[in-house]
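Participant: Before I ask anything, here is the structure I am working with.
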Amino acid sequence: MSEISKAYEPQSVEDKWYQFWLDGKFFVANEHSAKPAYSIVIPPPNVTGVLTLGHVLNNTIQDILCRKARMDGKEVLWLPGTDHAGIATQTVVERTLKKSGEIKHRDDLGREKFLERVWEWKEKHGGIIIQQLKKLGASCDWTRERFTMDPEYSRCVQRVFVDLYKKGLIYRGKRMVNWCPASLTALSDEEVTMKEQRGFMYYFKVEVAEAPGTFLTIATTRPETIPGDSAVAVNPKDPRYAHLIGKHIVRPLPVELPREQKLIPIIGDEHVDFAFGTGVLKVTPAHDKADFEIGARHKLAQIEVIDAKGQMNDAAGVDLRGLDRFKARKVAVERLVALSALEKEEPYTNNVGYSERADVPIEPRLSEQWFLKYPSVEKSRAVVAKGEMKFHPDRWAKVYDHWMGGLQDWCVSRQLWWGHRIPVWSLKITSGFWNYPAGFGPLQKLVAALRDDSPPNESGIEITLSGNGRTSFLHKPIENSDGTLTLFCATTHEEEAVELSKLGFTQDPDVLDTWFSSWLWPFATMGWPEQTETLKKFYPTTDLVTGPDIIFFWVARMIMAGYEYMGDPKFGLPDAMPFQNVYFTGIIRDKQGRKMSKSLGNSPDPLDLIAKFGADALRFGVMRAAPLGQDILFDEQNVELGRNFCNKLWNACRFRQMQGGEVQSEIEPTLLSTDDKWILLKLDAALREVTIALNEYKFSDATAVLYRFFWSEYCDWYVEASKAVLSSSSRRESAQTSESGGESQSGLTSAATNPRAANTLAVIDFVLSHTVRMFHPFLPFITEELWHGMGYATDMPENQGGKTIMFAPWPLPLDDDFKGHYGLDDCYLEMGDTKYDLVSQGRNLRRAANIGASKKIKYILKPVTFMPPHEVEVLKLLLNAETVELNADFLPGKGTLSARNNLGELHLPTEGLIDIAAEQARLNKDLEKIEAEIAKVEAKLANPSFTEKVPVTVLQEHQQRLAEWQGKRDHVKTALAALG
RNA sequence: GCGUGCUUAGCUCAGUGGUAGAGCAUUUCCUUCACACGGAAGGGGUCGCAGGUUCAAAUCCUGCAGCGCGCACCA
């Protein structure tokens, strides 16, 4: 702050200090530190993503928590990193390559070449979001940055997969999965969102084969799947249809098939709701989850009619073959009409599952995938239910519990290339396999293992093929329908993989769901499975800050992984749970309440906002608008307000700079004014409130307190009042040039020679140095600049604020000793408040008298008790008065406006300048209000049950209030009378 | 259907039993020597609706309505 600009310019400050923090290694966590640990792992953003306002919200909160923890003397680890985001990243790269005309399909490049391109893309774009987080001021330990596809991290993923496979928790199965026809991969249930869709319900009739002339009517929304129907189901209790069970109907499609090939049975199944539709359900086991289960119960054929791309296949018949499923729906309806089978169609709205990522309807599809039965479910559920791990706001605990209570196995395989390839190798064998010549080392072992019919555990056995201590896990062979066997072997070891390949095994082509890697994040980033010092020091982490939209995707799964892998006693950790507190942010929306989205274009670029207003302003604006647990409607005005606040802080410090004088000198108790005591007590209150708000994760409350304290209390009242001291002292010595080196630009200062002024500056320094520290977690850049610029760093020990405000101690509320020593009695709060209230009233009189704000005027004060000259000086200054004349016997004449409170009466003679009628109207309005209040309180006090039952303090309060209102009424009446 | 949150000033939101608050917007005045990214003074609300508990309800209870979110889902 050598040159003090009139307005704060964040651009010239922010990059400088960020580099300073990096150079000083202030973000680096020391796992050997004796300080208590505080840790957060970042929710890893998509490596090729860019910063959004959601990230700003999320990471500002984490940064506030970390910076506060550092100031509290904790050893802080904020562990950053990025996520490989399988589908999203692969899709982006694929689309880019297609756009450039380089490929038509990723097959044109092949797996390896394609992956090379994705890595190139990652190298090019991967750093962007990290750089953006730095712009925001994030105090992450960048030396520990991790990526979910780092070699060490990938090994963790493999290790966990193989371990769960060995435990029998991961299995392969042909099941109905959520298939995304756009991304051509299976998805987990969590990646499907239900959307309302307007369509039609089609009613078509079918003939009962055994009873010609008898027809059933079937209602369906998906007539294109008729060729895939292998039964018609009715409820066995349905009297309309029960007698038909066991008979057959003739399926209308495909039309070209002979009648006998289209006969499908009528079955009875409790699943059918006979109140819905016609009570007759077409069963398509290959294309509907519920139908699949009915099919399984009744051993129905699974007829696939839709392929992976969502197009009809040959089995759908000549009419539909090759058509997209939605086009096929129209054609199927046309065919039904042509057959006179369609009875009616009605507009119908139903919910359809959409792929969250690709935004296309999911196609339920039979396919072979890897599934996981979740581990450590009970512990994970209990820890939250019992409140050992706390969710904020806690209602999310219920959501979590509900989900944990209805867990479905997790489909973890994805038909993608970008991700962690599944570490399972398979080989289809025939009987000839058993006759391999003996002595062919590894193979013999394998054969021997298999011949030993009864593997030691149910799911498989551990073997070594490479012979160097590495092992693989050989799963129990799976029998195929053609009599062959498929062997599955899982390993984390390269050498074993080589051996397996030699034997003809091939690795599963699929990769794992991205969340299968990120659920290990809290410990895989800290060196697991080694027993690292980092894990010992920083696990379990303290807080997790994330959005509720990923509570199932990520939070719940991390808890389970934590228990499954960190529960091992060898770690000697106090607890296996990955974090002690989870703070769920709101979701950022635009000011119309819509979600931020690229297609709507309503998502401002945080970097633009930083460039325009500064990072501190963005942080403050977002924090101020983000109450606990509520969605945030974002408006650029919030950021503007943040900038204004920074500017206010800047200028308040600038004002102090201009006074010169010694920095942070001792405060002399005997010289403290009521204003000094008032602001010190207000500071004390603010410190308490902010500390409490932060402990409760109430960031918007905290910013509101900062704003109120600094702007409304410190700047609006204290600084203005302090000018009475600083300027009167200068007036007394007005002829003198300041001795403090020409710094007295404003002409206010002469602190060096005036002890009162010097003491005021000491109070200002005390307040500012506390304020700047209290603001630092929220506004890291400007506070670091001021900390050094104001000279507050100089007296501090090197590691406690001397070098950087980051390690300056968090300001504690004033203790009783301090208050006693400086005479900070609570009565000064009221004295200040009353004085400032009288000032406000006095200014109001000026308005009522239509006197311009800059005109110096004369007030007469009739004080209730003795009024020290200094207080009169303050009043004079705050009222912008030429004089405030003390007159205990003043009797207001006509045209004199008056205000009063407990301090006394303030009179403003107007010499007929006022609009009498307007003033009367104003006073009458006041009077009305006052009398209404008096009536209310009197009514209460007149009620015996009130006076009998109410606590004494409340009673007294009401009595006092009545007296106050009565006093006001008398005053207004007098004023009215004075007007004539 | 189940769960959950919201409904308070024109807007965005605080306020969990005892005198209705903030910021923005708005009106008027002021470019007074920290700040016009500023200062001063105003105006503006029967706290979604209906009951109940209580001396006392924006606040607690019940019901209803509207908006949002999550989960489940009937073809």
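Participant: For A:Thr278, list long-range residues whose amide hydrogen, built 1.01 Å from N in the peptide plane, is under 5 Å from its own amide hydrogen.
Facilitator: A:Ala219
Participant: Could you pull the accessible area for A:Arg335 with a 1.4 Å probe, rounded to 10 Å²?
Facilitator: Only protein atoms counted, so the area is about 80 Å².
Participant: How much accessible surface area, in Å² rounded to 10, belongs to the heavy atoms of A:Arg421 with a 1.4 Å probe?
Facilitator: So the heavy atoms of A:Arg421 present about 80 Å² to solvent.
Participant: Further question on the same structure: Taking 0.36 nm per residue of sequence separation and subtracting the Cα-Cα distance, how much length would be gained by fully extending the chain between A:Ile692 and A:Phe326, in nm to one decimal?
Facilitator: Once the chain is fully extended between A:Ile692 and A:Phe326, it gains 126.0 nm.
Participant: Taking amide hydrogens as modeled 1.01 Å from N in the peptide plane, which residues meet the under 5 Å criterion relative to A:Ala209, leaving out close sequence neighbours?
Facilitator: A:His248, A:Ile249, A:Val250
Participant: Given +1 on the Cβ of Lys and Arg, -1 on the Cβ of Asp and Glu, and no further charges, what dipole in debye does chain A carry about its Cα centre, rounded to the nearest 20?
Facilitator: Details: 117 positive and 132 negative charges, 349 e Å.
For chain A, the charge dipole is close to 1680 debye.
Participant: Towards the positive end of the charge dipole of chain A, with charges on Cβ (+1 Lys, Arg; -1 Asp, Glu), say which of A:Thr278, A:Val511, A:Gly73 has the farthest Cα.
Facilitator: Of A:Thr278, A:Val511, A:Gly73, it is A:Thr278.
Participant: Another question about this same structure. If you line up the long axis of helix A:755-775 against the longest principal axis of chain A, both from Cα atoms, how many degrees apart are they, to the nearest 10?
Facilitator: It works out to around 10 degrees.
Participant: Another question, if that's okay. For the pairs A:Lys68/A:Lys803; A:Lys174/A:Lys205; A:Lys68/A:Lys537; A:Lys135/A:Lys591, flag any whose C-alpha to C-alpha distance is greater than 23 Å.
Facilitator: A:Lys174/A:Lys205; A:Lys135/A:Lys591
Participant: A further question on this structure: Taking the Cα centre of each part, how many Å lie between the stretch A:328-386 and the stretch A:909-929?
Facilitator: For the stretch A:328-386 versus the stretch A:909-929, the Cα centre distance is 73 Å.
Participant: Once Lys and Arg get +1 and Asp and Glu get -1 on their Cβ, which of A:Asn58, A:Pro43, A:Phe26 lies farthest toward the positive end of the dipole of the stretch A:24-83?
Facilitator: Of A:Asn58, A:Pro43, A:Phe26, it is A:Phe26.
Participant: Expressed as an acute angle from 0 to 90° and rounded to the nearest 10, what is the orientation of the C-alpha long axis of helix A:615-624 relative to the principal long axis of chain A?
Facilitator: 90 degrees
Participant: Can you give the helix-only mean residue ellipticity at 222 nm for chain A, where every DSSP H stretch with n ≥ 4 adds -39500 (n - 2.57) and the sum goes over all residues, rounded to the nearest 500 deg cm²/dmol?
Facilitator: Values: 30 runs with 392 residues, N = 980.
That comes out to -12500 deg cm²/dmol.
Participant: Can you tell me the dipole magnitude for the stretch A:630-681 around its Cα centre, using point charges on the Cβ only (Lys, Arg +1; Asp, Glu -1), in Debye to the nearest 20? Don't skip to the end; give the middle numbers.
Facilitator: Numbers: 5 positive and 9 negative charges, 35 e Å.
The calculated dipole for the stretch A:630-681 is roughly 160 debye.
Participant: Can you grab the distance from the C-alpha centre of the stretch A:117-151 to the C-alpha centre of the stretch A:797-850, Å, no decimals?
Facilitator: That distance is 44 Å.
Participant: For the stretch A:400-406, just list the computed ³J(HN,Hα) in residue order, Karplus coefficients 6.51, -1.76 and 1.60, θ = phi - 60°, integers in Hz, with x standing in for Gly and Pro.
Facilitator: 4, 4, 4, 5, 5, x, x
Participant: Pull up all non-local amide H partners of A:Thr896: gap of 5 or more, or a different chain, and H-to-H distance under 5 Å with H placed in the peptide plane.
Facilitator: Correct list: A:Thr910.
Participant: Can you list the aspartates and glutamates whose alpha carbon is less than 16 Å from that of A:Lys386, not counting same-chain residues fewer than 8 positions off?
Facilitator: Here the aspartates and glutamates satisfying the reach criterion relative to A:Lys386 are A:Glu378, A:Asp394, A:Asp401, A:Asp575.
Participant: Give A:Lys98/A:Lys124; A:Lys379/A:Lys536; A:Lys723/A:Lys968; A:Lys309/A:Lys330; A:Lys677/A:Lys929 a once-over and call out the pairs whose C-alpha atoms are over 25 Å from each other. Mind showing how you got there, number by number?
Facilitator: Values: A:Lys98/A:Lys124 18 Å; A:Lys379/A:Lys536 21 Å; A:Lys723/A:Lys968 31 Å; A:Lys309/A:Lys330 18 Å; A:Lys677/A:Lys929 34 Å.
Going by Cα-Cα distance, A:Lys723/A:Lys968; A:Lys677/A:Lys929 fall outside the 25 Å limit.
Participant: Identify all lysines with a Cα-Cα distance to A:Lys858 below 19 Å; exclude those on the same chain that are fewer than 8 residues away in sequence.
Facilitator: Correct list for A:Lys858: A:Lys835, A:Lys876, A:Lys894.
Participant: Against the longest principal axis of chain A, how steep is helix A:289-298, in degrees 0 to 90 to the nearest 10, with axes from Cα atoms?
Facilitator: 30 degrees
Participant: Filter the chymotrypsin sites (Phe, Trp or Tyr not before Pro) in the stretch A:829-928 down to the DSSP loop ones having no more than 12 other Cβ atoms within 10 Å, then list what survives.
Facilitator: Values: sites: A:Tyr836, A:Tyr859, A:Phe866, A:Phe890; in loops: A:Phe866, A:Phe890.
Passing sites in the stretch A:829-928 are A:Phe866.
Participant: Then there is this: In chain A, if the dipole is taken from +1 on Lys/Arg beta carbons and -1 on Asp/Glu beta carbons about the Cα centre, which of A:Val545, A:Asn887, A:Pro252 is farthest to the positive end?
Facilitator: My answer, from the dipole projection, is A:Pro252.
The values are calculated or read from the model by the stated rules, or taken from the named source; none is laboratory data. Note that the structure is predicted; figures quoted are calculated from it, not measured. In this analysis, Cβ positions are derived from the backbone assuming ideal geometry, glycine residues included, and neighbour counts consider all displayed protein chains. Note: areas computed on protein heavy atoms with side chains; ligands, DNA, RNA excluded. Shrake-Rupley method; radii C 1.70, N 1.55, O 1.52, S 1.80 Å.
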